Amino acid sequence: MRARRAATVVLTSGLLLGASPLAASSATAAPAVPTISAKGAILIDNANGKALYWKDRDTRRQMASTTKIVTAATVLTTPKVDLNRKITIKKTYVDYVIREGGSSAQLKVGDTLTVRQLLSGLMLPSGCDAAYALADTFGTGSTTAARTKSFIGNMNKKAAQLGLKNTKFDSFDGISPGGQNYTTPLELAKLSQHAFSNATFRDIVKAPTYTAVATASNGKKRTYTWKNTNLLLGSYKGAVGLKTGTGTAAGPCLVFAATRNGKTYIGVALNGKDRFNDAAKLLDYGFKSSSAKSMKLRSLPADAQRD
C-alpha cells in the first residue's frame, strides 16, 4: 500500500507515505492513509490523472464486470454512433446469460431497445445480455461469433491506444473463457477516466435507477426498470458512478467516482471483500472528509440484480 503527499518520505512497517515538514507542525493533521480490504487499489484526480493513493497498482488482476466500462466506451466512441438505433434481442443473448449464470438486464427475446437503453441495461444491472447485444451490433463480420470477436478486438485496440500494456480483454462482459481478461488498478483507472470524459457515459453511470420502454415482438410496450448495483450512489455524498463487478477469480471489484466542490476523484478496488467501504475510505482520503464513518449503504430490492 502506498500513498504520496510530498517530497519527504517516512517508511514504517512497509507503508510508504509522504509528509511535509510544514504539515508536521500544522494544527490540522493530515488525513490518515486508509486501511482497505482490496488486494489492489488506486485513487486518482480525474482532472490530471495524478494518483493520490495506490496499493499494488501495477499487479495484473481479473476485473469481472468492470470490463463493461470498456464495453460502453467502445460503443460510445464508435464514429457517428446513433444512440437511438434500435436493436432486437436475439435468443442467443438470453441463452448465453442462462448458460453462463451471468448478471442480466432480463431482456426478452424479440424486444427492441435503443442503443442508449441497452447501455443503461449494461451498466446498471450489469446485463451480460445487453453486453452481448451491443457487441454483436457494433462488431463487424458475417456471423455473431465473428462480430463479437471483432468487438473484443476493438476493446483491446482502445487499451492499446491509451498506452496500456497490462490490460487484455477476451470477453465483452467480464465472463472470461480463458482467464485472459485482466488489467491493473492503474490501467483500469485510466480506462475509466477515458470513459468518464463522455457526457452520455457520465449520465448513465450516475443514475440509481433507469426505466426503459421497449417495443415487444407483438408491437406492445414493455417497461424495464433497472437498479444500479453500485451501492455508493445515494449512500456516499457526491458519488457519481461507476461500475461493480464480481467473479470467482476476480473477487468483488468496484470502480467508483465522486464529485465535491468541483473536484472529481476516480478510484479502483479489485478483489476487496468490503469494496464499498474501501471506496468510501479512499474518497474520504481524497476529499479530506470522514463520510465513511457514518455511511449507510443503500439497499437493493430483493428481485434486483447483484454484481
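Which of the helices (runs of 4 or more DSSP H) found entirely inside the stretch 50-142 contain at least 3 residues meeting this: more than 26 Å from Gly267 (Cβ to Cβ)?
Numbers: elements: 68-76, 91-100, 115-123, 128-138.
Per the criteria, 91-100, 115-123, 128-138.
Just the residues that are more than 21 Å from Gln305 (Cβ to Cβ), polar (S, T, N, Q) and surrounded by fewer than 15 Cβ atoms within 10 Å (Cβ to Cβ), please, taken from the stretch 213-236.
Hits for the stretch 213-236 are Ser217, Asn218.
When you look at Val268, is it more than 24 Å from Arg116 (Cβ to Cβ), of a type in the set (A, V, I, L, M, F, W, C) and buried (at least 20 other Cβ atoms within 10 Å of the Cβ), yes or no? Step through it out loud before you land on a result.
Working: more than 24 Å from Arg116 (Cβ to Cβ): yes; of a type in the set (A, V, I, L, M, F, W, C): yes; buried (at least 20 other Cβ atoms within 10 Å of the Cβ): yes.
Yes, satisfied.
Within the stretch 290-300, is even one residue hydrophobic (A, V, I, L, M, F, W, C) and touching a Pro at 6+ places or on another chain (Cβ under 9 Å)?
yes
Test Asp58 against the stated conditions and say whether it is closer than 22 Å to Thr144 by Cβ and either surrounded by fewer than 22 Cβ atoms within 10 Å (Cβ to Cβ) or at pLDDT below 95 (or both). Explain how you work it out, then say what you get.
Working: closer than 22 Å to Thr144 by Cβ: no; either surrounded by fewer than 22 Cβ atoms within 10 Å (Cβ to Cβ) or at pLDDT below 95 (or both): yes.
When the stated conditions are applied, Asp58 does not pass them.
Check Ser126 against each of (1) farther than 22 Å from Asn230 by Cβ; (2) hydroxyl-bearing (Ser, Thr, Tyr); (3) in contact with a Ser or Thr (Cβ under 6 Å, 6 or more places away or on another chain) and name the one condition it does not meet.
(1) is the only condition that Ser126 fails.
Condition test on Thr246, is it of a type in the set (Val, Ile, Thr), within 20 Å of Ala105 (Cβ to Cβ) and either under 16 Å from the mean Cα position of the chain (by Cα) or crowded, with 16+ Cβ neighbours inside 10 Å (or both)?
Details: of a type in the set (Val, Ile, Thr): yes; within 20 Å of Ala105 (Cβ to Cβ): yes; either under 16 Å from the mean Cα position of the chain (by Cα) or crowded, with 16+ Cβ neighbours inside 10 Å (or both): yes.
Judged against the criteria, Thr246 is a match.
Do we find that Lys227 is of a type in the set (Lys, Arg), in contact with a strand residue (DSSP E or B) (Cβ under 7 Å, 6 or more places away or on another chain) and within 26 Å of Arg298 (Cβ to Cβ) in this structure? Even if it seems obvious, please write down each step before you answer.
Working: of a type in the set (Lys, Arg): yes; in contact with a strand residue (DSSP E or B) (Cβ under 7 Å, 6 or more places away or on another chain): yes; within 26 Å of Arg298 (Cβ to Cβ): yes.
So Lys227 passes the test.
Before we move on, is Tyr224 part of a loop (DSSP other than H, G, I, E, B), on the phi < 0 side of the Ramachandran plot and among the aromatic types (Phe, Trp, Tyr)?
Details: part of a loop (DSSP other than H, G, I, E, B): no; on the phi < 0 side of the Ramachandran plot: yes; among the aromatic types (Phe, Trp, Tyr): yes.
No.
On the basis of being farther than 27 Å from Thr59 by Cβ, in contact with a strand residue (DSSP E or B) (Cβ under 9 Å, 6 or more places away or on another chain), modelled with pLDDT of 95 or more and polar (S, T, N, Q), does Thr88 make the cut?
Numbers: farther than 27 Å from Thr59 by Cβ: yes; in contact with a strand residue (DSSP E or B) (Cβ under 9 Å, 6 or more places away or on another chain): yes; modelled with pLDDT of 95 or more: yes; polar (S, T, N, Q): yes.
Yes, satisfied.
What is the one condition in (1) part of a loop (DSSP other than H, G, I, E, B); (2) more than 22 Å from Ile87 (Cα to Cα) that Asn218 does not satisfy?
Just one mismatch for Asn218, condition (2).
Considering only residues that are acidic (Asp, Glu) and surrounded by fewer than 24 Cβ atoms within 10 Å (Cβ to Cβ), which ones fall in the stretch 271-285? Quick ask: steps written out before the conclusion?
So the first thing to find is which residues in the stretch 271-285 are acidic (Asp, Glu), and the list is 274, 278, 284.
Answer for the stretch 271-285, where residues must be acidic (Asp, Glu) and surrounded by fewer than 24 Cβ atoms within 10 Å (Cβ to Cβ): Asp274, Asp284.
Read through the list (1) in contact (Cβ under 8 Å) with a residue 24 or more places away in the chain; (2) surrounded by 14 or more Cβ atoms within 10 Å (Cβ to Cβ), then give the number of the only condition that Thr209 fails.
Only one criterion is unmet by Thr209, namely (2).
Output the residue which, of all residues in the stretch 166-178 that are buried (at least 19 other Cβ atoms within 10 Å of the Cβ) and not aliphatic (A, V, I, L, M), is modelled with the lowest pLDDT. Walk me through it before giving the result.
Here is the first cut: in the stretch 166-178, the ones buried (at least 19 other Cβ atoms within 10 Å of the Cβ) are 167, 169, 171-176.
Cutting the leftovers down to not aliphatic (A, V, I, L, M) gives us 167, 169, 171-174, 176.
Numbers: Thr167: 98, Phe169: 98, Ser171: 98, Phe172: 98, Asp173: 98, Gly174: 97, Ser176: 94.
My answer is Ser176.
Starting from residues that are in contact with a Leu (Cβ under 8 Å, 6 or more places away or on another chain) and outside any helix (DSSP H, G or I), keep the ones in the stretch 143-165 and report whichever is surrounded by the fewest Cβ atoms within 10 Å (Cβ to Cβ).
The selected residue is Leu162.
The values are calculated or read from the model by the stated rules, or taken from the named source; none is laboratory data. Model, not experiment: these values are computed from the prediction. All Cβ positions, glycine included, derive from the backbone under ideal geometry; neighbour counts span all protein chains shown.
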